[in-house]
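The values are calculated or read from the model by the stated rules, or taken from the named source; none is laboratory data. From a predicted model like this one, the values you see are computed outputs, not experimental measurements. Quick reminder, even Gly has a Cβ in these numbers, built from the backbone with ideal geometry, and neighbours come from all protein chains shown. Calculation scope for accessible area: heavy atoms of the full protein, side chains included, ligands and nucleic acids excluded. Shrake-Rupley method; radii C 1.70, N 1.55, O 1.52, S 1.80 Å.
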Amino acid sequence: MENFDLIVIGGGPGGYVAAIAAAQSGLKVACIDKRKNLGGTCLNVGCIPSKRLLYSSELFKNVSEEMHHHGIEVKTPKFNLSQMMKGKEEAISKLTNGVEFLFKKNKVQHIVGSGFIEKDNEVKVNKKKYKATNIIIASGSYPTQLKNIDIDENIIVSSTGALSFKKVPKKLAVIGAGYIGLELGSVWNRLGSEVTVIEYANSIVPSMDADIGNTFRNELQKQGINFLLSSEVTKAKIKNDEVHIDINSLEDKKVSNLVFSRALLAVGRAPNTEGMGLQGAGIETSKKGHIAVNQFYETSAKNIYAIGDVIEGPMLAHKASMEAQAVIDIILGKNGQVNYDAIPSVVYTSPEVAWVGKTQQELDKYKINYKVGKFQFSANSRSKVTGKTAGMIKVYSHTESDKILGAHIIGNHAGEMIGEFVVAIEMGATAEDIALICHAHPTLSESIKEAASLASFGQTIHS
């Protein structure tokens, strides 16, 4: 039986980062993943392929609708869907091969198969057993399903199937108004699909600041995406290469039946913890399947840790990566930790939406005294030059200390700009600190300074 200092179960952004970090620290490491290609859901059927299609579809939309505003005349553009999909696969291949290269460079042993944890920190894979001093469970998550809806990945699809349609659906139902549904709905809407988003709640992306969320929905509606909020899908059946969906309105109690070419079920994800031998290994889980861990990410079984989607918290690739680095430090006897108040969230639509820290709903709920600064991109010079004037920046700071409590951006490049606020919260900066920093002109980042000025001083130059 081969012995390792560390065995990592899962090769996604949590697992492969943990494996490489441990190997770089001198540990003998193995990483077990059921896929031949490393990178987990993120690189194979999640973050990376979806962002490639978002970028490709946005390029097509810009050429179709924006170029003439800049004096660029283009004959009616066409897109080649198979070529788009080929580009997506090439991007996946480059990144997964890159992780494989890093494993070889750092001498991490890649074992293909499903890991089953047995007693005494032994892990069984493909009838072969391995021994580990430490184990990290980073097995990720899978798409949640609903009763009375069977996914066939052809007509009724999960996010995986929605990344690989052979042709653009004439009418696409997106069940669920979270990150995944809105991003993939945007892809197919740009390419010509009539998209209807059906959401049980009365708002989209419930974790988003309510004010930003309302603006976001209005912008998506302008792009042609339809919304049925406060609506419950009670049944979805495939008939004659179409999907018939029964929808119950929670407001007026009316039931309707709508017919779509395809349907995407995107109602969230669940921790992938089944079939790993957790119970037999003495590892406790919640009713929803999350693995219980202490402040050191250790499970109820000694020297077995868990990170990423399998534990409580936002299911974000970068959150898993941060936890991976923290738990390796802990194993090595260092002070590994993650500041969960400084983990950003991004929705990669157009406009993008990004945020970090507290929302207005949370501040009100916990009765935290705050000031708010809001600056519209329509007043920003760079936005006017590009014509991308939709959106705003909102900053919340504490009434007494002026420390930044939360920041929310909707607009062009929001996912990049949120980084300044992540640093600010991590370093304990105040709104005044940001307001007094010189930002280059003309840039979108000037709006960060303006919003911070409004939060701190109650006034700014361009608003």
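Annotation note: GluC sites (Glu not before Pro) in region 1-96 located in DSSP loop regions with a Cβ neighbour count of at most 10 within 10 Å are Glu73.
Of the heavy-atom accessible surface of the chain (probe 1.4 angstrom), what whole percent is carbon and sulfur?
Roughly 50 percent, rounded to a whole number.
Within the chain, the cysteines lacking any other cysteine Cβ closer than 4.7 Å to their own Cβ are Cys31, Cys438. For the residue pairs Lys222/Lys384; Lys51/Lys365; Lys170/Lys374, the alpha carbons lie more than 31 Å apart in Lys51/Lys365; Lys170/Lys374.
Placing a pseudo-label 7 Å from each Cα along the Cα-to-Cβ vector at His462 and Lys129 gives an inter-label distance of 6.7 nm. Might you report the magnitude of the Cβ-based charge dipole of region 189-338 about its Cα centre, with Lys and Arg at +1 and Asp and Glu at -1, to the nearest 20 debye? Its charge dipole is roughly 240 debye.
Report summary: the helix-based calculation at 222 nm, which adds -39500 (n - 2.57) for every DSSP H run with n ≥ 4 and divides by the residues of the chain, gives -9500 deg cm²/dmol.
Placing +1 on each Lys and Arg Cβ and -1 on each Asp and Glu Cβ, with no other charges, gives the chain a dipole about its Cα centre of roughly 1320 debye.
Near Thr443, once Lys and Arg are set to +1 and Asp and Glu to -1 for all other residues with Cβ below 12 Å from its Cβ, the sum equals -2. Per residue, the accessible area of region 323-379 comes to 48 Å² when a 1.4 Å probe rolls over the protein heavy atoms.
Each label was represented as a point 7 Å from its Cα along the Cα-to-Cβ direction; for Glu274 and Asn294 these points are 3.1 nm apart. Each of the peptides 76-86, 443-453 was scored by the mean count of other Cβ atoms within 10 Å over its residues; in descending order, highest first, they stand as 443-453, 76-86. Computed over region 345-463, the percent of Cα pairs more than 24 Å apart is 18. In the context of the full set of protein chains, region 396-441 has a per residue accessible area of 45 Å² (1.4 Å probe). Subtracting the Cα-Cα distance of Lys365 and Met1 from their residue separation scaled by 0.36 nm leaves 125.6 nm.
What residue among Met392, Ile307, Val195 has its Cα farthest toward the positive end of the dipole of the chain, where the charges are +1 on Lys, Arg and -1 on Asp, Glu, each on the Cβ? Among Met392, Ile307, Val195, the one farthest towards the positive end of the dipole of the chain is Val195. Note on Asp433 and Glu66: with the Förster distance fixed at 35 Å, the Cβ-Cβ geometry gives a FRET efficiency of about 0.45. Charge tally around Glu323: other residues with Cβ under 13 Å, Lys/Arg +1 each, Asp/Glu -1 each, net -3.
Accessible surface area normalised per residue over region 135-185 is 40 Å², counting heavy atoms of protein chains with a 1.4 Å rolling probe.
Among Ile151, Ala379, Met417, whose Cα sits farthest toward the positive end of the charge dipole of the chain (+1 at Cβ of Lys/Arg, -1 at Cβ of Asp/Glu, about the Cα centre)? Among Ile151, Ala379, Met417, the one farthest towards the positive end of the dipole of the chain is Ile151. The label-point distance for Asn303 and Ala342, in a model that sets each label 7 Å from Cα toward Cβ, rounds to 3.3 nm.
Rounded to the nearest 0.05, the FRET efficiency derived from the C-beta distance between Lys166 and Leu332 at R0 = 51 Å is 0.55.
Would you work out if region 179-335 is rounded, prolate or oblate? Take a ≥ b ≥ c from the square roots of the eigenvalues of the alpha-carbon gyration tensor; rounded if a/c is under 1.5, else prolate when a/b is larger than b/c, oblate otherwise. It comes out prolate by the Cα gyration axes. The convex hull drawn around the Cα atoms of the chain, when projected onto a plane and averaged over every direction, covers 24.6 nm². Between rounded, prolate and oblate, where does region 112-186 land on the alpha carbon gyration tensor, with a ≥ b ≥ c its root eigenvalues, rounded for a/c under 1.5, else prolate if a/b exceeds b/c? Because a/c hits 1.5 or more and a/b exceeds b/c, region 112-186 counts as prolate.
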